[in-house]
Amino acid sequence: MKINNVSFPIKETFYSIQGEGFFSGIAAYFIRFEGCNIQCDWCDTKSSWKIEKKDFLTVHQIINNINEKVKTIVITGGEPMMWNLTPLTSILKKKGYRIHVETSGSYPIHEKDIDWITISPKKKKRPLKENYKKMNELKIIICNDSDFSFAEEQAFYAKKSNCVLCLQPEWKNNIKILPKIISYIKNHPKWKISLQIHKILNIP
């Protein structure tokens, strides 16, 4: 089968502003995959969990939809690493795009062609040990006080990768948990705060 004919379940694609993490604020084209093996209660993209046969797009279709102004592609989900992304990322890289991937780290990461790997670990299913050395950014969602110790546990494994460490408030619990995150980062300055500015600005 030709690479252009390989297909993936895509929930949505859109051109917007990266709202989270180290690259917050840049223009980026988002490719959101369907399918998730963890399904967190607080997930804000639950619509991406289910894989719908009707939503499969070929690599050719995905790439043809990309705006010519795009410089950075963010591949997210769901859980995009459920799929072998190489047929897609290899062509995107040849076309000169910068490729970012957001994942829980619970599947193997084939990092060829990927410029930036953000792992957002979940307690239900920890990242694979080998993935800690591959990531550029560790992003921990903070819902309650116990998540700070989970963050430190994950940062311990990430030490060798010299990655960016981010704490991000769970959106629905934002008002309650944000002051605690601010205080925590002031006392543990290896961390930086990640805010979902796309929600603050009310953009996709």
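The values are calculated or read from the model by the stated rules, or taken from the named source; none is laboratory data. Because the structure is a prediction, the values reported are computed rather than measured. Cβ placement follows ideal geometry from the backbone for every residue including glycine, while neighbour counts extend to all protein chains displayed.
Taking SER48, is it modelled with pLDDT of 95 or more, under 28 Å from LYS172 (Cα atoms) and polar (S, T, N, Q)?
Values: modelled with pLDDT of 95 or more: no; under 28 Å from LYS172 (Cα atoms): yes; polar (S, T, N, Q): yes.
The answer is no for SER48.
How many residues, within the stretch 105-119, are more than 19 Å from THR72 (Cβ to Cβ) and surrounded by fewer than 16 Cβ atoms within 10 Å (Cβ to Cβ)?
Pass one, the stretch 105-119, residues more than 19 Å from THR72 (Cβ to Cβ): 105-108, 110.
Okay, now just the ones that are also surrounded by fewer than 16 Cβ atoms within 10 Å (Cβ to Cβ), so 108, 110.
Number of matching residues: 2.
Can you name the residue in the stretch 52-72 that is of a type in the set (A, V, I, L, M, F, W, C) and not in a loop (DSSP other than H, G, I, E, B) and is also surrounded by the fewest Cβ atoms within 10 Å (Cβ to Cβ) among such residues? If you could, list the steps in order and put the result at the bottom.
Within the stretch 52-72, the subset of a type in the set (A, V, I, L, M, F, W, C) is 56-57, 59, 62-63, 66, 70.
Next, from what is left, pick out any that are not in a loop (DSSP other than H, G, I, E, B): 56-57, 59, 62-63.
Working: PHE56: 14, LEU57: 17, VAL59: 21, ILE62: 20, ILE63: 17.
Checking each candidate, the answer is PHE56.
What do you reckon, is ASN131 without any contact (Cβ under 8 Å) to a residue 12 or more places away in the chain and either surrounded by 19 or more Cβ atoms within 10 Å (Cβ to Cβ) or under 25 Å from GLU12 (Cβ atoms) (or both)?
Details: without any contact (Cβ under 8 Å) to a residue 12 or more places away in the chain: no; either surrounded by 19 or more Cβ atoms within 10 Å (Cβ to Cβ) or under 25 Å from GLU12 (Cβ atoms) (or both): yes.
Taking the combined requirement at face value, the residue does not satisfy it.
Based on what the data block shows, is GLU111 among the acidic types (Asp, Glu), under 16 Å from the mean Cα position of the chain (by Cα) and over 24 Å from LEU195 (Cα atoms)? Walk me through it before giving the result.
Details: among the acidic types (Asp, Glu): yes; under 16 Å from the mean Cα position of the chain (by Cα): yes; over 24 Å from LEU195 (Cα atoms): yes.
So GLU111 passes the test.
Go through the residues of the stretch 185-201 one by one and say whether even a single one is at pLDDT below 95 and over 18 Å from the mean Cα position of the chain (by Cα). Lay out the reasoning, then the answer.
If we filter the stretch 185-201 for residues that are at pLDDT below 95, which is where we start, we get 195-201.
Next cut, over 18 Å from the mean Cα position of the chain (by Cα) only: 200-201.
The answer is yes, given that some residue of the stretch 185-201 is at pLDDT below 95 and over 18 Å from the mean Cα position of the chain (by Cα).
Can you name the condition, by its number, that GLY78 falls short on among (1) crowded, with 17+ Cβ neighbours inside 10 Å; (2) of a type outside the set (S, T, N, Q); (3) modelled with pLDDT of 95 or more?
(3)
Could you tell me whether any residue of the stretch 15-36 is without any contact (Cβ under 8 Å) to a residue 40 or more places away in the chain, of a type in the set (Val, Ile, Thr) and out of contact with any helix residue (DSSP H, G or I) (no Cβ under 9 Å at 6 or more places or on another chain)?
Within the stretch 15-36, none of the residues are without any contact (Cβ under 8 Å) to a residue 40 or more places away in the chain, of a type in the set (Val, Ile, Thr) and out of contact with any helix residue (DSSP H, G or I) (no Cβ under 9 Å at 6 or more places or on another chain).
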